[in-house]
1. Volume per residue, Å³, of the convex hull around the alpha-carbon atoms of region 27-97?
2. Determine the gain in length on full extension of the stretch M149-M391; use 0.36 nm per residue of separation and subtract their C-alpha separation, reporting nm with one decimal.
3. What net charge do the residues around M149 carry, taking every other residue with its C-beta under 15 Å from that of M149, with Lys and Arg at +1 and Asp and Glu at -1?
4. Quick check: the distance between the Cα centres of region 119-142 and region 33-84, to the nearest angstrom?
5. With label points built 7 Å along Cα→Cβ from the Cα atoms of D383 and V71, find their separation and express it in nm.
6. Residues with amide H under 5 Å of H119's amide H, sequence separation 5 or more or different chain, H placed in the peptide plane at 1.01 Å from N; which?
7. Can you run phi through the Karplus equation (6.51, -1.76, 1.60; θ = phi - 60°) for region 63-73 and list ³J(HN,Hα) in whole Hz, with x for Gly and Pro?
8. Tell me, what is the per residue accessible area of region 364-432 in Å², probe radius 1.4 Å?
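The values are calculated or read from the model by the stated rules, or taken from the named source; none is laboratory data. Here the structure is a predicted model, which means the values were calculated and not measured. Note that we place each Cβ from the backbone using ideal geometry, even for glycine, and neighbour counts take in every protein chain shown. These accessible areas exclude ligands, DNA and RNA; they are computed on the full protein's heavy atoms, side chains included. Shrake-Rupley method; radii C 1.70, N 1.55, O 1.52, S 1.80 Å.
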Amino acid sequence: MAISAFDPASPRLRRDPATPSTWIVLWRDEPLEALLLAGLILGLAWAPLWLGGDRPFAWGVNGVWFPGLTVVYEISLLIRERKHPVAAKQILAPLILFAAVVFWISVQMSTVIPPGFAHPIWLIAGDALKTPLNAAISVNPQASALALMRLLTDASVLWLAMQLCRSPRRALILIQAVVAICAAYSLLGIVMMVFAGGALPFSDLAGGGAIRATFVNRNTFATYAGIGLVGAVALILRFYRREAPGDPALKSYRLARLIEATGQSGWTLIGAGLVILVALLGTVSRGGVLAAVLAIFTLLLMTFARSGRRDGQQIDMVIFLAVAVLGGFLLFGDKIVGRISETGLTDASRLAVCAIVIGSINDALFIGFGYGTFADIFPLYRDQSISVWGMWDMAHNTYLETLQGLGIAFGGALILALALLVWRCAWGAVQRHRDATAPIVAASVSLLIGAHAMVDFSLQIEAVALTFMAILGAGVAQSESSRRLASD
């Protein structure tokens, strides 16, 4: 192979659909899509600001902004007489499952149901008040309605990202934006910890001696930072893969090119990744850090498999990044290592809560207690296996909380709908020959979210959920080749 084929100025190395001038190209080619993508990114940048979006005010803003963008997009398609870039039939099974879940939540909130389906607490409350009450399956229809609004907000982000990111250029811009936003909040968290002990200027929540940026607690921020770190590692791999040749006969030239590329523009990605890594370790969150390690390992494994399929190209970069991440943990991970050594990897209180939730699920196995009603139903089952101090408004296990609220049939349907989308991304990450960054990131982030959801409630924090939905949508959109027709 001729060395001239690897000229640093050649289009093969310099062609990158995510350069700053890309916005000009996007605006010229698809002005409305560029504007909607900017709106989506702006919303994702706002989402973590108000305690990670974990307050009714933030829910209201998000519930208007993201569905509003989706409605504008759908209306624009009708006006322009254009098709969806990704047709509904491409995700037909997850769409049917999600529609069934939405229908069931509406049934749970309804008071027009057979008497035998209503929760007994309504009869007890009516007897105590000496007046009949409109009974429902949900123990708190208002809470179920609010949870449904948040679920639909998440779904609107997934759908909008999936349509906008059918273009590889826009998918890459979205991932870059997520990494930049995560890096900015990570830097803010580090600065706040250094100068204010982690306390927020607009909240009465204390810092607690760990980095949590603007989030309600360090565990949820750890998940958010993990998303950014996964994206940063993927972009770094992609950057060096494009900037340096992979031919073993050109190792000396390649090393020089790697150094040059790092000094020119690669330092921004490396710096962002380092800031996010330091902030992640500063959360001292066992579940968050371990889930991030698992996700990065998965990302490197998928990249290694793809590189190996191309005769060993870029395998050394995968090994280099693995060593770099491990070195970061050794340099800045003394607190998390100390906490794991002192307290172990399990939490007796959370295990006890999970056992209580499992017991409560059996009492409403098929119809559930109402979506989003954990805080209302848990006090009825709370026992002496956990301390009398503190309030548990989350189960610290999103899977169990979903099954408790929706019942095993529809709770399982919601989990399965997400799992099918993740599987589509994982399949695309392995099968695609080009533009596989988005599905690789989506599959790895999904593993991070799924693992941490077993021990915490990060997925129930809107900043995490909305960012995850955006990345998952981009991954689904890019899970198949752009040459294959996926539109209506």
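1. 114 Å³
2. Numbers: separation 242, 0.36 × 242 = 87.12 nm, distance 2.43 nm.
Separation in residues times 0.36 nm, less the Cα-Cα distance, equals 84.7 nm.
3. Numbers: positive: R55, R150; negative: D54, D154, E462.
Around M149, the charge tally is -1.
4. Going from one Cα centre to the other spans 37 Å.
5. Calculated label separation equals 4.8 nm.
6. A136, I137
7. x, 9, 5, 6, x, x, 4, 5, 5, 4, 5
8. Details: 3330 Å² over 69 residues.
It amounts to 48 Å² per residue over region 364-432.
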